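What follows is calculated from the coordinates using simple rules that are stated; it is not laboratory data. Source: prediction; values computed, not measured. Reconstructed Cβ throughout: ideal geometry from the backbone, glycine too, with neighbour counts over all protein chains shown.
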Amino acid sequence: MKIAVYTICKDEEQFAKRYAEQAREADAIIVTDTGSSDQTIPLLTSGGAQINAVKINPFRFDYAFNAAIDNIPEDFDACFRVDLDEVIEPGWRSIVEREWNDNVICIDRPTVGDKIFGLYRPSRIHPRHNFRWQGAIHERLIGPGVKRDSDLRVIHTPDHKKDRNYLPYARMGAAEDPTSAGACYLLVAECFKQSQFDEAYMEANRYLTIPCDNKNERSDVYKLMGQIFELRKEYDRATELFERANTESPVTRDALYCLAMMEHRRGKNKEAAIAARRALAITTQDGWCTNPDAWSGILESLAKDFLSEDHCNIGTHSKIHKNGR
């Protein structure tokens, strides 16, 4: 079988050499450049990648990735999207060949050094024909066939110095499909990330009117609303929303972590300890986990803080944790 590794890029020279080396098991490395001005293209070319340039104005990620698919020769069987800032585990080709059956393969994609990690399994390996990416931001793969999970792991190592303000794209996606709960959720999250709290709250309320059975998304929306009310110092309402978030997805710690931290910041050590102990009762990451601090030992310190009357220093945590891509 013929396998192509493909992606888009713009000014990512720090990842270029590593990318070409790890993708060399592919029959072709196809990279579509959207306007690099650094050494990304020469470094990729020297590593054996085929470079095609495209101008997309206004830019959106789905158009760019669809152009990348179009640049893959038509006689290829499997197309494996791997972004420049991702690391493929060695021996990936044998896994693809073993699991390939003209289907869509979903990979394990943990993120290093970000506020999002855990159970995220995007569709990344697909046939050459009849598949397109859809969505201005956080694009999703659209096409026929059955999706199957794989043990193949691709680790995301983002460049945190790069501008990641995706709010314009999130607004674009929500405007294109106002009935999409997923697009609305992404807009809520991006508004919150960019401190556009009034817009985030407005869109959160709109999200809750859209039919959706995604309990993880709904839980996260209620949690973000709770954080907004904490910022407004409306603590009773914030507590109600954190509890509602926990009800929507009782297998995640995030909402209870936010509740515990809010009570800690208010100097209510007993309430903080109770919320922390409730969160610690959740021992497996069976749902979304958007805040690694909920699994870092902070909750253990909060639980002990009141119960032992030993007020250990766990930090002020003056900033409310936010989500990102």
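Side notes on the structure shown:
- Long-range HN-HN contacts of Ser123 with modeled amide H, under 5 Å: Leu141
- Axis angle, to the nearest 10 degrees, between helix 235-248 and the longest C-alpha principal axis of the chain: 50 degrees.
- With neighbour counts taken as other beta-carbon atoms within 10 Å, the residues Arg121, Arg253, Arg128 rank, fewest first, as Arg121, Arg128, Arg253.
- Per-residue HN-Hα couplings for segment 57-73 [Karplus 6.51, -1.76, 1.60; θ = phi - 60°; Hz; x = Gly/Pro]: 9, x, 6, 8, 5, 5, 4, 5, 6, 5, 5, 5, 4, 4, 7, 7, x
- Reported label for calculated semi-axes √(5λ) of the Cα gyration tensor in Å given [x] 52, 20, 17; [y] 39, 21, 19; [z] 36, 26, 18: [y]
- Whole-number percent relative contact order across the chain, with pairs defined as alpha carbons under 8 Å at least 6 apart: 13 percent
- DSSP-defined antiparallel bridges as percent of all bridges, segment 3-156, nearest 5: 35 percent
- Helix-only [θ]222 nm of the chain, DSSP H runs n ≥ 4, -39500 (n - 2.57) each, per residue, nearest 500: -12500 deg cm²/dmol
- Sorted by Cβ neighbour density within 10 Å, fewest at the top, the residues Trp92, Trp100: Trp100, Trp92
- Gln14 paired with Arg266, simple spin-label distance in nm, labels 7 Å along Cα-to-beta-carbon: 4.0 nm
- In this simple spin-label model, placing a label point 7 Å from the Cα along the Cα-to-Cβ direction at both Asn130 and Asn205 gives a separation of 4.5 nm.
- Take every DSSP beta bridge whose two residues both sit in the chain; close to 40 percent of them are antiparallel.
- Summing +1 for each Lys or Arg and -1 for each Asp or Glu among the other residues whose beta-carbon sits under 11 angstrom from that of Arg218 gives -1.
- Ranked by how many other beta carbons lie within 10 Å on average, peptides 193-204, 224-235 from highest: 224-235, 193-204
- The phi-based Karplus calculation (6.51 cos²θ - 1.76 cosθ + 1.60; θ = phi - 60°) puts the 3J(HN,Hα) values of segment 275-283 at 5, 5, 5, 4, 5, 5, 5, 8, 9 Hz, whole numbers, x for Gly and Pro.
- Charged neighbours of Gly35, selected by a Cβ distance under 10 Å, balance to 0 (K, R count +1; D, E count -1).
- J(HN,Hα) series, segment 17-30, from Karplus relation 6.51 cos²θ - 1.76 cosθ + 1.60, nearest Hz, glycine and proline x: 5, 4, 4, 5, 5, 6, 8, 5, 5, 6, 6, 7, 10, 10
- Paramagnetic label reach from Glu89 (point 7 Å along Cα→Cβ; backbone nitrogen cut-off under 11 Å): within segment 1-16, no residues.
- Pairs from the table (Lys223/Lys268; Lys10/Lys193; Lys161/Lys304) lying more than 30 angstrom apart at Cα are Lys161/Lys304.
- Most tightly packed first, judged by the mean number of other beta-carbon atoms within 10 Å of their residues, the peptides 13-23, 48-58 read 13-23, 48-58.
- Using a cutoff of 8 angstrom between alpha carbon atoms and counting only pairs six or more residues apart, the relative contact order for segment 3-156 works out to 25 percent.
- Around the amide H of Tyr6, modelled in the peptide plane, lie the amide H atoms of Ile30, Phe80, Arg81, Val82, all under 5 Å away and 5 or more residues distant in sequence or on another chain.
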